Amino acid sequence: ETQKETLGFQTEVKQLLHLMIHSLYSNKEIFLRELISNASDAVDKLRFESVSNADLLSEDPNLRVRLEFDNEAGTVIIDDNGIGMNRDDAINNLGTIAKSGTAQFLEQLSGDQKKDSQLIGQFGVGFYSAFIVADKVTVETRKAGAATDEAVRWESSGDGDFTIEAIEKETRGTRITLHLKADEKDFADNYRLRSLVTKYSDHISIPVEMEKVVYPEMDEEGNPKPVDENQAVEFEAVNSAKALWTRARSEVSDEEYSEFYKHVSHDFQDPIKWSHNKVEGKLEYTSLLYVPSKAPHDLWNRDMQRGLKLYVQRVFIMDEAEAFLPPYMRFVKGVVDSNDLSLNVSREILQNDKAVDSMRSALTKRVLDMLSKMAKNESEKYQTFWDEFGNVLKEGPADDFGNKDKIAQLLRFSTTHTDKAEQTESLAGYVERMSEGQDKIYYIYAENHNTAKNSPHLEILRKKGFEVLLLSDRIDEWMMSSLQEFDGKKFQDVTKGKLDLAEDETEEAKKEKEQKAEEIKPLLDRMKAVLEEQVTDVTSTDRLTNSPACLVVGEYDMGLQMRRLLEQAGQ
Ligand code: ADP
Ligand code: MG
C-alpha cells in the first residue's frame, strides 16, 4: 500500500521520549553515538546473514555508515547499507520498546530530573535519543533482499505518533534524517560531526564516512578556481574502522575502551573495570570483558538476557551468547571472538561444544582474577562493585563448585566486628582477627540485619570476643549451604545445635556444670511437658549471658530462613 498511515507510539515510548528530551539535554550529543551504534549493529547483522546468503551483499558490498549534513536546511543524515527494515520491523522496532522490565523501569521514575536522568542512563535509550536534537525524524529503509519498491518511510515529531508509508529506495539499508531543532542546528557542521565520531565512535569496526573536504585549486593570482559541480562526491573514513578488540592493549586508550563498552552493552555509563586478552594455542580467541559500574534493573532475575557478543573470525554471530560465562557472572558484558567455531554456530551448538566449555572455564577464571585484583589493589572500587553486584556473586559457590574458594575470597560480609549493615569484611580479614582457641567461622542468619545483630544467640560469642558474620540477604542461606569451610576453618551456624565453646574448661568447672544440670533437670522436664506441642527438647545452655532463654534449631535441621521461605511457598 502506498497510503500514509498514522500509528500511535506505545505508552512506554511516549513516557520515555518525554523524559529523555527533558533530562538528557546536558548530554545531547550522544544521539550520534546511538545512531552510529545502531547502524553498525545493522551492518553486523547483514554480514551475518550473508554467510548463508551471499547474494545479500552483492549489490553493495562495501559496508559502511555515512554521515551527511546540510547546514542551511539544518539536517544531519546517518546512512547505512546494513540489514534494513521492512514495514513490520519499522513499526515494531521504532514504535515500541521490546526490552523486558520497561514498565518496572518507568515505575521507578521519581519526576526528579537529576535522579531520573541517572536511571535513564542505566536503561539506555538508543534510537529515541534522536529526538533530543531533532523535532522531526525521517527513517527511510529497505531490508536486504527486498525489491526497491518495498521500502518504507517512517516519520515522527516525537510527540505521540508516527507515520509510515511505502516508498521506493534505490539502496539497501537505512537512512535517517534528523531535522534539527532551531537551537541545535550547529550539529550540522563538518568539524562538529567529525569530532563527535572521533570521541564516541572511533572503535566502530566499519568505516564511518564523511564527504572529503576538497580544497579548491588556486589560480595564478591566488584565487580559488571554480569547482566542477559534476565531480563525484568522495567519501573518507573518519574513524579508525578497526574492531577494537583486535588492537593491541597498549594502543587502546581508556576512553576508547569505555566508548566501546557503551556500544556493546547499550549502557550509558562508564564501566568500572575491564580485561582484554588474546589467547593463542590449542584454542584461539580474543575476549574483552567488562564489569559495569551499575547493576541493571533486572539483574536479580536469573533469566535476564545476559552473555557476551559473539564473533567468529571478526564476523558478528549473535548478541547475548550466554554459554561463555556462568549465570552468577551475568553482570559481565563484552565480546568474545573465536577462531575455532564455525560461522554457522547456533545457540544449541554452543551449549554442547567442547571448545566453548573450555573457553567458559577460562573466561570465568579471567573474571574472577579481574575481581581479585580489584579487591586487592583498589579496595574502594571493589566495594562499589560489591555493593552493586555482591548478591549475584553470592550465587557463585553453589553455581560453580570448582571455583568455590576463589569466590569465597571475594565475598564481603557484615559482621559483629563493625556491627554495621554494610558488607565490608572479607573472610580473610575474619580469619586474621580470630581469637586464640577459636577454630570456626561463626555466622547467624536472620530476616534482616537488626534481627541478626540483636539475636540472643550472639551473647556468648560477643562475650568471648568471637566475631560472627551477620547474614540477612535472601541468597545467604543458599550460599552458606555450599560453603563448608574457608582456609581450613569450618563454618558454624550459631543457631544450630551445640556450639562447643567450652573446650578450655577445667575438670572442676565441668563437674560443677554437670551438677547444676542435675539440679535443674526437674525444671527442664516440666518446661518440656508444658511446651510439648511446640518444641522437641528443652536443654540448659551456656550460650546466653543476658537473655533467659532462646530457640535453637537442631544441628541437622533446616535453617530458619529456609523454613520461612518454604512456609511462604505453602510447603
Ligand atoms: P537497541 O539498539 O538497544 O536494540 P535502539 O532503540 O537503539 O535499541 O534500536 C531499536 C531497534 O531498532 C534496534 O534493535 C533495531 O532492530 C532497529 N534499528 C535501529 N536502527 C537501525 C538501523 N540503522 N538499521 C536497522 N535496524 C535498526
Ligand atoms: Mg541502539
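The values are calculated or read from the model by the stated rules, or taken from the named source; none is laboratory data. Please read these numbers as outputs of a predicted model, since none were measured by experiment. Glycine gets a Cβ as well: all are built from the backbone with ideal geometry, and neighbour counts include every protein chain shown.
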Helices (runs of 4 or more DSSP H) completely within segment 5-100 that count 1 or more residues being of a type in the set (Phe, Trp, Tyr) and crowded, with 16+ Cβ neighbours inside 10 Å:
30-52
Hey, does segment 306-327 have a residue that's under 30 Å from Glu422 (Cα atoms), in contact with a Leu (Cβ under 9 Å, 6 or more places away or on another chain) and among the aromatic types (Phe, Trp, Tyr)?
no
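Could you run through segment 242-276 and say how many residues are under 16 Å from Tyr311 (Cα atoms), more than 16 Å from ligand 1 (Cβ to nearest atom) and touching a residue at least 24 places away in the same chain (Cβ under 8 Å)? Working first, answer last.
Here is the first cut: in segment 242-276, the residues under 16 Å from Tyr311 (Cα atoms) are 242-247, 260-261, 263-265, 276.
Keeping just the survivors that are more than 16 Å from ligand 1 (Cβ to nearest atom) gives 242-247, 276.
Next cut, touching a residue at least 24 places away in the same chain (Cβ under 8 Å) only: 242-246, 276.
Of the residues in that region, 6 qualify.
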Restricting segment 396-443 to residues that are out of contact with any Pro (no Cβ under 7 Å at 6 or more places or on another chain) and of a type in the set (Asp, Glu), which is surrounded by the most Cβ atoms within 10 Å (Cβ to Cβ)?
Glu425
Any idea which of (1) within 21 Å of Trp154 (Cβ to Cβ); (2) within 12 Å of ligand 1 (Cβ to nearest atom) is the one Leu32 doesn't satisfy?
(2)
Specify the residue that is modelled with the highest pLDDT; the eligible residues are those in segment 9-21 that are in contact with a helix residue (DSSP H, G or I) (Cβ under 8 Å, 6 or more places away or on another chain) and closer than 13 Å to Ser156 by Cα.
Phe9
Could you check segment 35-48 and list, in sequence order, the residues that are among the acidic types (Asp, Glu) and away from ligand 1 (no atom under 12 Å from the Cβ)?
none
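Yes/no matrix, rows are residues, columns are (1) assigned to a loop (DSSP other than H, G, I, E, B); (2) in contact (Cβ under 8 Å) with a residue 60 or more places away in the chain; (3) in contact with a helix residue (DSSP H, G or I) (Cβ under 7 Å, 6 or more places away or on another chain):
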residue	(1), (2), (3)
Lys278	no, no, no
Leu283	yes, yes, yes
Val291	no, yes, yes
Pro296	yes, yes, yes
Trp300	yes, yes, no
Asp303	yes, no, no
Leu310	no, no, no
Asp319	no, no, no
Gly334	no, yes, yes
Quick one: in segment 117-165, of everything that is within 21 Å of Gln269 (Cβ to Cβ) and of a type in the set (Gly, Ala, Ser), which residue is modelled with the highest pLDDT?
Ala130
